[in-house]
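Inspection log for the structure reproduced underneath, given as structure tokens.
The values are calculated or read from the model by the stated rules, or taken from the named source; none is laboratory data. Because the structure is a prediction, the values reported are computed rather than measured. As a convention, Cβ positions derive from the backbone with ideal geometry for all residues, glycine included, and neighbour counts pool all protein chains shown. What goes into the accessible areas is simple: the full protein's heavy atoms, side chains included, and nothing from ligands, DNA or RNA. Shrake-Rupley method; radii C 1.70, N 1.55, O 1.52, S 1.80 Å.
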Amino acid sequence: RQRDIRLWGNFAFTHAKDRIIDRDDPKLLDDYLKQAGYQIGQYRSQLRAGYYNTWDEVYGSSILDQNDNNKLPGNFNLIDFNGDGVINSFDNVPYAYPERPQNTYTGSIGFDYKRFSIFVQFYAVNNITRNLTQTNFSAALNSVFKQGDYWTKDNTDAVSPLPRWKSRLYSYGDFFNYDGSYVRLKTAEMSYTINPTWLKKTGIQSMRVYVNGNNLLFWSKMPDDREANVGSSNFSGQGAYPTVRRINFGFNLSL
């Protein structure tokens, strides 16, 4: 019967964008290095222009203000953005978005038929930048991450620089900056309310049994499912523990 069927849904959207109107930035600082005019927490990053593929390219490259003697073929060729001949913090430029999303979306849809019900909830964000640092052999840590193919002298268009033990890259530039947009199946649940007629004989007014789950599916350009990145040092900057998927079984009693 039509009255035994109920289909429902709801949707919400939030847009939030801030801007630093006034800040005590140094007057002679280039505008791209100032905080005023940008969002709070605006990502800034050095930029890459491929790799040093030969020793000639290494010797002809801009000087790094730290660890310049560690440059090797297969390292990222960083852009000297301000053209002063040195790669340093003045070459960090505004990059994409802050780690807080500008847009968030949530939507739920459910279906009820007599005592049976099911619903799903989706959650999504976009206009967000995430930095997930997963450096190989960083500071002699015994770890290597799967990052696609690696640079070799015969594969100079590789995704990732060649992992090297105890060879420090000055900077990975924007390599670990990701479009943090995602869609998540946040919650899904099926439940059934048992016929109360015979339950009342046992002193139970009603009983509902259910199975539900959290963080069940995830769609994103991120390498894995993490809510946040934790730490920035070589030993703690490998990222937070991935988001946990949970499946629950249970029942509710009313006496």
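Per residue, the range 1-119 exposes 65 Å² of accessible surface when a 1.4 Å probe is rolled over the protein heavy atoms with every protein chain present.
Residue by residue, the range 85-98 carries 3J(HN,Hα) couplings of x, 10, 8, 8, 5, 6, 9, 7, 10, x, 10, 6, 10, x Hz when phi is fed to the Karplus relation 6.51 cos²θ - 1.76 cosθ + 1.60 (θ = phi - 60°); x denotes Gly or Pro. For the chain, adding -39500 (n - 2.57) for each run of n ≥ 4 DSSP H residues and dividing by the number of residues yields -500 deg cm²/dmol at 222 nm. Label zone of Asp84 (point 7 Å out along Cα→Cβ, amide N under 11 Å): in the range 2-39 this covers 29-30. Scalar couplings 3J(HN,Hα) for the range 156-162, obtained by applying the Karplus form with A = 6.51, B = -1.76, C = 1.60 to θ = phi - 60°, are 7, 9, 5, 6, 10, x, 5 Hz; x denotes Gly and Pro. Of Lys114/Lys201; Lys34/Lys221; Lys71/Lys146, which ones are farther than 27 Å apart at the Cα? Correct reply: Lys34/Lys221. For the range 27-124, what does the alpha-carbon gyration tensor say about shape, rounded, prolate or oblate, given a ≥ b ≥ c as the root eigenvalues, a/c under 1.5 as rounded, and a/b over b/c as prolate? Judged from the Cα gyration tensor, the range 27-124 comes out oblate (a/c at least 1.5, b/c at or above a/b).
Magnitude of the charge dipole for the chain, about its Cα centre and with charges confined to Cβ atoms of Lys, Arg (+1) and Asp, Glu (-1), is about 2120 debye. Amide H contacts of Tyr182: Val125, each under 5 Å away and 5 or more positions distant or on a separate chain (H built 1.01 Å from N in the peptide plane; Pro and chain starts excluded).
Residues whose amide H lies under 5 Å from that of Gly213, counting only those 5 or more places away or on a different chain, are Ala188, Asn248; hydrogens are built 1.01 Å from N in the peptide plane. For the chain, the fraction of 1.4 Å probe accessible surface lying on carbon and sulfur atoms is 55 percent.
Taking all protein chains as they are arranged and a probe of 1.4 Å, the heavy atoms of Lys200 leave approximately 120 Å² accessible to solvent. Tell me the label only: which of (1) 34, 20, 16; (2) 57, 25, 12; (3) 52, 23, 15 is semi-axes √(5λ) of the Cα gyration tensor in Å as calculated from this structure? Identified label for the calculated read-out: (3). When +1 charges are put on Lys and Arg Cβ atoms and -1 charges on Asp and Glu Cβ atoms, the dipole computed for the range 100-215 relative to its Cα centre reaches about 620 debye. Couplings 3J(HN,Hα) of the range 12-18, computed from phi: 9, 9, 10, 10, 9, 9, 10 Hz, in residue order, whole Hz [Karplus 6.51 cos²θ - 1.76 cosθ + 1.60, θ = phi - 60°; x for Gly and Pro]. Taking amide H positions as modeled 1.01 Å from N, with prolines and chain starts lacking one, the residues under 5 Å from Ile87 and 5 or more places away or on another chain are Ile63, Leu64, Asp65.
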